[in-house]
1. Using the structure shown, decide if Leu204 is modelled with pLDDT of 90 or more and either of a type in the set (Ser, Thr, Tyr) or within 30 Å of Lys222 (Cβ to Cβ) (or both).
2. I need every pair where a residue in region 20-44 that is in a loop (DSSP other than H, G, I, E, B) has its Cβ under 8 Å from the Cβ of a residue that is among the aromatic types (Phe, Trp, Tyr) and open to solvent by less than 70 Å² (accessible area, probe 1.4 Å), sequence separation at least 6 or different chains.
3. Name the single residue that is surrounded by the fewest Cβ atoms within 10 Å (Cβ to Cβ) among those in region 14-39 being within 21 Å of Ala107 (Cβ to Cβ) and not acidic (Asp, Glu).
4. Report, by residue number, each residue of region 75-129 that is part of a strand (DSSP E or B) and either over 30 Å from Leu62 (Cα atoms) or hydroxyl-bearing (Ser, Thr, Tyr) (or both).
5. I need the full set of residues from region 103-140 which are among the charged types (D, E, K, R) and farther than 30 Å from Glu43 by Cα, in order please.
6. Restricting to region 227-249, name every residue that is open to solvent by 50 Å² or more (accessible area, probe 1.4 Å) and either aliphatic (A, V, I, L, M) or modelled with pLDDT of 85 or more (or both).
7. Could you please give the count of residues in region 110-138 that are acidic (Asp, Glu) and touching a Gly at 6+ places or on another chain (Cβ under 9 Å)?
Amino acid sequence: MRLKAFRIENFRSIVDTGMQPVSPDNITCLIGQNESGKTSVLEGLKVFSSGEISEDVLRSDLSLPRVSCSFEISPGYLDDKLRPVNPEFDKLVSSLTHITLIRSWKADLKSQMDIGGELLDYMVKQDDKRESDLCDIEKKINIFLSDLEEAREKESLLVERQGEIQAKIDEHPARARGKRLFRKKYTALRDEGENTLDELAGELKKTEDDVQEVKSFLDEKKALISVAEDWLRISRCTGGGECKTGGDIPEAGGASSDNDTTIWSLNCRAVAWRMAESAG
């Protein structure tokens, strides 16, 4: 690896150097007046390697330092240093001739090293694609949850109606003692709602069939229901709303945030949804 350019931010007197190239002939000079920041540049490059700083390098506004370095590498240099991810990523890694590393510090003065350049662009692209996929699945799940709520409400109303019809049958005048002996009278008798016993029996049968149809739907969709309800519960952890699945790419080497954990959980539910949808 050979240093090709650097950028130092929020370090001592330096606000932001911008990305500065170093000379290709291995001789780079820093020229400037006293207190112009020459030593700060050298110290910034040093702490990029060590990761160790003290409070005296912080600026008065307490903005935290960040040092980026771009290195020249030979194709295939990273092949045995990064684990395989997928063919597209592996091909990109193998073809790289430059790599950008970024060291940043937190309030406790501990640092972490992140990756930049083409690899970061790839990760951002994949993150955007993942967010788009999650939003598409969220829309499907919201539609399914709406259908599910409608089905459950329909089932409740049908069961209630089933009970009402059964009560009417039980109280129907044609079922009074002795009247069953007279078939003509039995079939002709009507209740207060002008319903014959046969009409009520037919309505009860249709209602029972409708209830069974809804129950079959709910039974067939058990796997999807489980995933959708899990999704809804996890989404509420983000404060509700639609497609709130995005966020910063998890920082390399850093602890996962609550949002990272939520996104990971949603990704798992997305996979489960696809599997359940395929099985269904």
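1. Details: modelled with pLDDT of 90 or more: yes; either of a type in the set (Ser, Thr, Tyr) or within 30 Å of Lys222 (Cβ to Cβ) (or both): yes.
Yes.
2. These pairs meet every condition: Val22/Phe6.
3. In the first step, residues of region 14-39 are kept if they are within 21 Å of Ala107 (Cβ to Cβ); the result is 14-16.
Right, trim to not acidic (Asp, Glu) and you get 14-15.
Values: Ile14: 19, Val15: 12.
Per the criteria, the residue is Val15.
4. Filtering region 75-129 down to residues part of a strand (DSSP E or B) leaves 98-105, 111-115.
Scanning region 75-129 gives His98, Thr100, Ser104, Ser111.
5. At the first step, the residues of region 103-140 found to be among the charged types (D, E, K, R) are 103, 106, 108, 110, 114, 118, 121, 125, 127-131, 133, 136, 138-140.
Matches in region 103-140: Lys125, Asp127, Asp128, Lys129, Arg130, Glu131, Asp133, Asp136, Glu138, Lys139, Lys140.
6. Passing the criteria: only Leu232.
7. Here the count works out to 4.
Conditions tested, residue by residue: (1) without any contact (Cβ under 8 Å) to a residue 40 or more places away in the chain; (2) closer than 30 Å to Val227 by Cα.
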{"position": "Leu82", "(1), (2)": "yes, no"}
{"position": "Lys91", "(1), (2)": "yes, no"}
{"position": "Ser95", "(1), (2)": "yes, no"}
{"position": "Ile99", "(1), (2)": "no, no"}
{"position": "Asp108", "(1), (2)": "yes, no"}
{"position": "Asp114", "(1), (2)": "no, no"}
{"position": "Glu118", "(1), (2)": "yes, no"}
{"position": "Tyr122", "(1), (2)": "yes, yes"}
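The values are calculated or read from the model by the stated rules, or taken from the named source; none is laboratory data. Remember, predicted model here, so these are calculated numbers, not experimental data. Reconstructed Cβ throughout: ideal geometry from the backbone, glycine too, with neighbour counts over all protein chains shown. Remember, those area values only see protein heavy atoms, side chains included, never the ligands or the DNA or RNA. Shrake-Rupley method; radii C 1.70, N 1.55, O 1.52, S 1.80 Å.
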